[in-house]
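S.K.: Below you'll find the structure I mean.
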Amino acid sequence: QVPVVESGGGLVQPGGSLRLSCLASGRTFSLYAMGWFRQAPGKEREFVAAISWSGGSRYYADSVKGRFTISRDSAKNTMYLLMNILKPEDTAVYYCAATLKPTSSSYRDYDYWGQGTQVTVSS
């Protein structure tokens, strides 16, 4: 298992930036593909970004491409999501997830989830 904990959420104005972190426990972090998902009130959980176990492959939802950057630091057992040019429609609870399967945009492929961190984009 790989328990994960998100941090870094908060309130930001439109056009601003935030960096989310996902800290994983255990010694096998580097074996897992990781992903970020988000869920807004009344909506289904949606894919945001994913990164392969090596960090060599990265995938993004069209809605965040060019604004968000996913990365990972295996030495720190941490994954990041740098979010720039934030929009009100980015408001959601953001979840970190891990899987031993190949990198995926489907939440069904992820086995381990954090509790989420709230991101609110508002003036």
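S.K.: Starting from the Cα of LYS76, draw a straight line to each of the aspartates and glutamates and keep only those under 17 Å, dropping any in the same chain fewer than 8 residues away.
M.R.: Partners within reach: GLU6.
S.K.: Excluding ligands, DNA and RNA, what is the solvent-accessible area per residue of the stretch 63-123 at a probe of 1.4 Å, expressed in Å²?
M.R.: I get 49 Å² per residue for the stretch 63-123.
S.K.: Ok, one more. May I ask for the Rg/Rh ratio of the stretch 10-70, computed from Cα atoms with Rh as the Kirkwood radius, given to two decimals? Mind showing how you got there, number by number?
M.R.: On the way: Rg = 13.3 Å, Rh = 13.4 Å.
That ratio equals 0.99.
S.K.: Out of every Cα-Cα pair in the chain, what percent are more than 19 Å apart?
M.R.: Beyond 19 Å sits 39 percent of the P(r) for the chain.
S.K.: Let me ask something else about it. Report the label-to-label distance for ILE85 and GLU44 in nanometres (one decimal), using points 7 Å from each Cα along the Cα→Cβ vector.
M.R.: Placing both labels 7 Å along Cα→Cβ, they lie 2.7 nm apart.
S.K.: For LYS76 and SER17, compute 0.36 nm times the residue count separating them, minus their Cα-Cα distance, and round to one decimal in nm.
M.R.: Between LYS76 and SER17, full extension yields an extra 19.0 nm.
S.K.: For the stretch 1-42, taking Cα atoms only, what is the radius of gyration to one decimal and the Dmax to the nearest whole Å?
M.R.: According to the Cα coordinates of the stretch 1-42, Rg and Dmax are 13.4, 38 Å.
S.K.: Continuing with this model, one more query. Suppose each label sits 7 Å from its Cα in the direction of the beta carbon; what would the ARG67-ASP109 distance come out to in nanometres?
M.R.: So the label points at ARG67 and ASP109 sit 2.4 nm apart.
S.K.: Looking at the stretch 1-56, which GluC sites (Glu not before Pro) are DSSP coil and have at most 13 other C-beta atoms within 10 Å of their C-beta?
M.R.: Sites meeting the loop and neighbour criteria: GLU44.
S.K.: If I compute solvent accessible area with a 1.4 Å probe over the protein chains, what percent of it on the stretch 1-107 is carbon and sulfur?
M.R.: Accessible surface attributable to carbon and sulfur in the stretch 1-107 totals 52 percent.
S.K.: List the residues whose amide H sits under 5 Å from the amide H of ARG72, counting only those 5 or more places along or on another chain, with H placed 1.01 Å from N in the peptide plane.
M.R.: TYR80
S.K.: Please report the antiparallel percentage of the DSSP beta bridges confined to the chain, to the nearest 5.
M.R.: 90
S.K.: Under a Cβ-only charge scheme (Lys and Arg +1, Asp and Glu -1), can you give me the dipole magnitude of the chain about the Cα centre, in debye to the nearest 20?
M.R.: I would put it at about 200 debye.
The values are calculated or read from the model by the stated rules, or taken from the named source; none is laboratory data. Keep in mind the model is a prediction, meaning the values are calculated, not measured. In this analysis, Cβ positions are derived from the backbone assuming ideal geometry, glycine residues included, and neighbour counts consider all displayed protein chains. The protein model used for the area step is the full one, side chains on, heavy atoms only, and it has no ligands, DNA or RNA in it. Shrake-Rupley method; radii C 1.70, N 1.55, O 1.52, S 1.80 Å.
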